[in-house]
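Please read the structure below before turning to the comments.
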Amino acid sequence: MRAKFTSTGPIPVSEILLDQNNYRLGPLDSQMDCITIMFNEFSSKMVKIAGHIAKNGLSPKPVVVSKDNQGRWVVRDGNRRMTALKLLNNPAEAPEQYQKIFQNLKTNAIRGMIPEAIDCLTADESIIIEYRKLEHMGPQDGIGQVDWDARAKDNLQADVDGKLTYPLARAICDYLEKRGVTEARSVSISNMQRLLQDTEVSKRLGIVWDGQNIKFAAVEDEVFNILKEIVIDFVRRGKKVNDIYHPPDREQYMNDLFGNRSLKVPTPLAKSVAPASGMRAAGGVPAQTKIAAKVKSSWDRPRVIQPGAGLPAPSTEAKLNTILAELRSKINVREAPVSASVLIRLIIERSVWYYITKYKVTYQKDELFHIIEKVAEHMKVSKIINKQDYNQIRKMGNATELISAHTLNAWVHNSNYTPTPQDVCTFWDNIYPFLVKCWK
């Protein structure tokens, strides 16, 4: 397309007409109408454009023109810039209340920044229309102009003056990305900032922000798992800014995530807030923190999976992460123990298969308890678990044990056997440490 445009050479600014059929403002009857309506629509923005030109000159973006049926040059793209430039050259053409402002801008302009003639680009009308579509009709599946999001604008702002507009959200997203949450790279940081800067939300998450560094007042892995769910909610599950715009919305969202519970502060961290591992804002220094043991939950609870007790599965495991999220915030085990038990079986199957594939563990039988035992053997030999843990996991093959593959099979396949909420939660609490090791 560029090759189809040619330069007009210098055209006196006074001889370039504004477009009276401007798609944004027209049709209009006269050049004076074009100027008047431009100020009615954009008012102070016109002054700012003019001020920027007076200080920096015209932007490198071309002004596109074509000739009308009388042979006069008419602006086809760049009407706001051209209006500002014409009024800087001749402030008397500005609306009366703006004439003094434009005269001052002209008087104080940097020398050479207000040209009296400019080079424009021109082409056949059909080519100009195609260009205007690219500029003004949105992304169009990638061929058109794509507006910068808040993250891109923040990156530029940091380069300009070293300051971030969304420092807390950026620190959180950088931390999550370093820990393998790829969605943190694309999540809206303005949404994250709106949510996390709410003091009640930060308090509930156990996040302490001093303006430069982030610290955790709860077990880091628990906070990480909750933050990961938040990011995935906004990137893949359709959460929007309207869902967290007002304080009551944010409170409800956090209640859905937590199941009306709070993160536990473990004893080793109760007296002092631990710095987040590897987390820092611009200019901050990363620190290491010791991860404390998780606090075992009571079986009497509405959600099988407690806040923060997810699995360190990669974000590519979309289905698994969705199941974990549903058990954490949507499925009430007191009301749906069978559904919860079926999902737990799916989690176990996917976890052991992931481990087997990753470490190329060999096995002879397809029964779930046999595969679990083979994974446990490999973990013991690799010193991932100790002998005591290994013996506990081997009980999965014992039909008389509650925590066994036979129990799972009965819950899923036996129409006469319905698990109690207590059984489901107890099963999960006991198998959970093994599942974590499958993914680490």
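The values are calculated or read from the model by the stated rules, or taken from the named source; none is laboratory data. Values in this document were obtained by computation on a predicted structure and should not be read as measured data. Because the Cβ atoms are built from the backbone with ideal geometry, glycine has one as well, and the counts that use them run over all protein chains shown.
Okay, here's what the table says:
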quantity	calculated
Search result, residues across region 120-135 that are assigned to a helix (DSSP H, G or I) and of a type in the set (Asp, Glu)	Glu125, Glu130, Glu135
Check on Lys203, outside any helix (DSSP H, G or I) and at pLDDT 85 or above	no
Of all residues making up region 301-358, the number that are more than 20 Å from Gln422 (Cα to Cα) and of a type in the set (S, T, N, Q)	6
Residues within region 107-133 that are at pLDDT below 95, in contact with a strand residue (DSSP E or B) (Cβ under 6 Å, 6 or more places away or on another chain) and among the polar types (S, T, N, Q), tallied	0
Residue among Lys437, Lys380 that alone is under 22 Å from Val304 (Cβ atoms), modelled with pLDDT of 80 or more and either outside the structural domain of Asn225 (by TED's automatic domain parsing) or basic (Lys, Arg) (or both)	Lys437
Elements of type helices (runs of 4 or more DSSP H) in region 314-386, at least 2 residues being of a type in the set (Gly, Ala, Ser) and under 29 Å from the mean Cα position of the chain (by Cα)	318-329
Odd one out for Val146 among (1) β-branched (Val, Ile, Thr); (2) modelled with pLDDT of 85 or more; (3) not in a helix (DSSP H, G or I)	(2)
Residues of region 238-258 that turn out to be touching an Asp or Glu at 6+ places or on another chain (Cβ under 9 Å) and either in a loop (DSSP other than H, G, I, E, B) or in the same structural domain as Ala318 (by TED's automatic domain parsing) (or both), as a count	2
Selection from region 160-196 of residues that are part of a loop (DSSP other than H, G, I, E, B) and either of a type in the set (A, V, I, L, M, F, W, C) or modelled with pLDDT under 85 (or both)	Gly162, Lys163, Leu164, Thr165, Tyr166, Val181, Val187
Region 229-240, residues that are within 11 Å of the chain's Cα centre (by Cα) and within 14 Å of Ser329 (Cβ to Cβ)	Ile230, Ile232, Asp233, Lys239
Residue that is surrounded by the fewest Cβ atoms within 10 Å (Cβ to Cβ), among those in region 30-87 that are of a type in the set (Asp, Glu) and either modelled with pLDDT of 95 or more or not in a helix (DSSP H, G or I) (or both)	Asp68
Enumeration of residues in region 216-237 that are surrounded by 14 or more Cβ atoms within 10 Å (Cβ to Cβ) and in a loop (DSSP other than H, G, I, E, B)	Ala217, Ala218, Val219
Unmet requirement for Gly310, which otherwise passes all of (1) under 26 Å from Glu251 (Cα atoms); (2) buried (at least 21 other Cβ atoms within 10 Å of the Cβ); (3) modelled with pLDDT of 90 or more	(3)
Subset of region 1-29 [exposed (fewer than 15 other Cβ atoms within 10 Å of the Cβ) and of a type in the set (Asp, Glu)]	Glu15, Asp29
All positions within region 206-215 that are touching a residue at least 24 places away in the same chain (Cβ under 8 Å) and either surrounded by fewer than 20 Cβ atoms within 10 Å (Cβ to Cβ) or assigned to a loop (DSSP other than H, G, I, E, B) (or both)	Gly206, Val208, Trp209, Gly211, Gln212, Asn213, Lys215
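Per-residue answers, yes or no, for (1) among the aromatic types (Phe, Trp, Tyr); (2) closer than 20 Å to Arg24 by Cβ; (3) more than 42 Å from the chain's Cα centre (by Cα):
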residue	(1), (2), (3)
Leu105	no, no, no
Ile110	no, no, no
Ile114	no, no, no
Ala117	no, no, yes
Ala123	no, no, no
Ile129	no, yes, no
Leu134	no, yes, no
Met137	no, yes, no
Gln140	no, yes, no
